[in-house]
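Below you'll find the structure, written out as structure tokens, and then a few comments.
The values are calculated or read from the model by the stated rules, or taken from the named source; none is laboratory data. What you see is a predicted model, and the numbers here were worked out from it, not measured in a lab. Note that each Cβ is placed from the backbone with ideal geometry, even for glycine, and that neighbours are counted across all protein chains shown. To get the accessible areas, we keep the full protein, side chains included, count just its heavy atoms, and leave off ligands, DNA and RNA. Shrake-Rupley method; radii C 1.70, N 1.55, O 1.52, S 1.80 Å.
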Amino acid sequence: NNKRFVGFKTPEEFNAIIKNLDPESAIYIDSNLGNGIKGEDIARQLFAEGFVNLYLATGYAADQFPPMDFIKSVVGKEPPA
């Protein structure tokens with residue numbers, strides 16, 4: 001679909017390239033990142049840094065999360081179209 005995808009296994013890997021990302025980039029973050037790290041917390045931090053197209057990608061239903069003004073949408077784990 002002529003889309004570029006870059007995946008990261010750890011927040012540290014992501015943080016190493018964040019300065020090269022356009023703040024308009026779509027960023028999909030899993031809710032459970034392991035080691036007690038929540039994707040919601042990372043998204044909140046990214047939003048504070050100016051990123052605006054943040055999505056929580058999870059297997060949980062969207063209604064299981066409280067409203068989060070920094071998240072555009074809670075989506076499944078299927079790649080976006």
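Just a few scattered comments:
- From the list I37, I27, the lone residue that is closer than 27 Å to N2 by Cα and not small (G, A, S) is I27.
- Some residue of segment 20-43 being of a type outside the set (S, T, N, Q) and on the phi > 0 side of the Ramachandran plot: yes
- Residue satisfying all of: in segment 11-33; open to solvent by less than 80 Å² (accessible area, probe 1.4 Å) and farther than 19 Å from P79 by Cα; nearest to the chain's Cα centre (by Cα) among these: P11
- Residue match in segment 34-56 (condition: of a type in the set (D, E), open to solvent by 30 Å² or more (accessible area, probe 1.4 Å), under 18 Å from I17 (Cβ atoms) and outside any helix (DSSP H, G or I)): yes
- Condition check for F65: among the aromatic types (F, W, Y), farther than 27 Å from N1 by Cβ and either modelled with pLDDT under 95 or open to solvent by 50 Å² or more (accessible area, probe 1.4 Å) (or both): yes
- Of the residues making up segment 15-40, those that are under 15 Å from A57 (Cβ atoms) and free of Cβ contacts under 8 Å to residues at least 24 places away in the same chain number 4.
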